[in-house]
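Below is one structure, written out as structure tokens, with a few remarks after it.
Where a number appears in this text, it was derived from the coordinates with a stated rule and is not lab data. Nothing here was measured: the structure is a model prediction, and the numbers come from that model. Here the Cβ is made from the backbone with ideal geometry for all residues, glycine too, and neighbour counts use every protein chain on show.
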Ligand code: AMP
Ligand code: MG
């Protein structure tokens, strides 16, 4: 079922009602059939038109928000090229915002043209799909539509609209917008709407804040566990639903490097791999600052305590996610130094993050593997690892199975994604579709020859050094 957006019942200061640009001869370029089936999309709606922003059944709107971009406060941002079309209800009764991105100018466009080139739209589609099949909370995408418009960036490119499904489009920046204006009434409305919509189990906003912190801790731990670097963790790109949102210059690393950065605009490494937990904490402190005006002195202390629990929450989430990756059943048997030392070893020898984790399981059956350079410290590490496993008395096959279903073998490696996008720009979607298909079973390599290619790290000349927002 497709319902009108619930944001429409908010007071007018929250959004601008406006329509996507009028377009002719659009083309549904990529469609997520499987997701459409899961959502049980209403067959009476002409989705190919709706996903192009035409013939909309409900009023559409763009939301306002503010945000800290690379640490600098911008008092007004908002959906500058996005339109919310309504809410899709799946057969389980869950509701998802349906939003188009690249669908034209809005009152929040500032200098922008409201459009998106094809490649970043496809990139968002592909990487959000990969995240979903890795079981990492994320927005989803139903489609990429070619707009039949030219979009001028560094070069002249084809325009596209990507559709996005999210539990909600409420960002830390949504709160900052009203906090900066000292508009307490609107803050209260936004807080209550967020609680009802995303955290109905919370009795009050403080309980909600604690749940937000926990969700975010788990999300970042998930990212870290697969080598994902978001690249633009501005406060306007952090969702209160704890979903990965806004796929710009994001990338999965190949060789492990703690300070890895891909985004061409992240010159100082603010959003590097290792900084992600710290930045999430920082963003959550901004959110706490926005909520503070609602607090009594007692509640203020409590708010601070919750914010201060970040490190403990994140470390616990990280250990919980890492234990099965190392084949350890009881997380109490895993201390963080074990992960740290493993990662130091990977970095020292420039090992591929994904392949190294995957290959570790092979050391259950054999003493050593050519893949792993022999060093004294690694021998010691292995000894410690084996003794932990021995202490748990689990059959080897069980441990192996657990490791192989916790360490993916197919991830959207940068060079593969770039190749898929370049070919798609030339009108050939074959490679894109094959990669998309392989990403649906990240823990196994299927029979096709290409799937094997998709699990291999890049050769030296295939490595991509920088990623671009491309917006
Ligand atoms: P992002 O970097 O995608 O998170 O975008 C940051 C802000 O810039 C958001 O308010 C976007 O809506 C806006 N924006 C990005 N690209 C465009 C564009 N081409 N036209 C209008 N607004 C844009
Ligand atoms: Mg954004």
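Just a few scattered comments:
- C-alpha long axis of helix 430-439 to longest principal axis of the chain, angle in °: 60 degrees
- Whole-number percent relative contact order across segment 414-462, with pairs defined as alpha carbons under 8 Å at least 6 apart: 30 percent
- Chain lengthening between residue 320 and residue 58 when straightened (0.36 nm per residue, less Cα-Cα): 90.0 nm
- Residue list for segment 323-354, given a label point 7 angstrom along the Cα-to-Cβ vector of residue 383 and an amide N cut-off under 17 Å: 338, 341-342
- Principal-axis tilt of helix 336-348 within the chain, Cα atoms, nearest 10 degrees: 90 degrees
- Computed over the Cα atoms of segment 389-471, pair by distinct pair, the Kirkwood hydrodynamic radius stands at 14.8 angstrom.
- Estimated D of the chain in µm² per second, where Rh is the Kirkwood radius over Cα pairs and Stokes-Einstein applies at 37 °C, 0.692 mPa s: 140 µm²/s
- Among 398, 245, sorting on how many other beta-carbon atoms sit within 10 Å of each Cβ, with the fewest leading, yields 398, 245.
- Here the extension length gained between residue 150 and residue 330 equals 59.3 nm, from 0.36 nm per residue of separation less the Cα-Cα distance.
- Compared with the dominant Cα axis of the chain, that is its longest principal axis, helix 184-198 is turned about 50°.
- Segment 201-266: translational diffusion in µm²/s, Stokes-Einstein, Kirkwood Rh over Cα pairs, 10 °C, 1.306 mPa s: 120 µm²/s
- Shape class for segment 2-169: rounded, because the ratio a/c of the largest to smallest gyration tensor axis (alpha-carbon atoms, square roots of eigenvalues) is under 1.5.
- Extension gain from residue 16 to residue 207, taking 0.36 nm per residue of separation minus the Cα-Cα distance: 65.7 nm
- The chain: relative contact order as a whole-number percent, Cα under 8 Å and 6+ apart: 14 percent
- Helices in the chain, meaning DSSP H runs of at least 4 residues, each add -39500 (n - 2.57). Divided by all residues, the mean residue ellipticity at 222 nm is -12500 deg cm²/dmol.
- Packing, as the average of other Cβ atoms within 10 Å across residues, places the peptides 17-29, 169-181, 372-384 in the order 169-181, 17-29, 372-384, highest first.
- Label zone at residue 433 (point 7 Å along Cα-to-Cβ), backbone N below 11 Å, segment 20-41: 30-31
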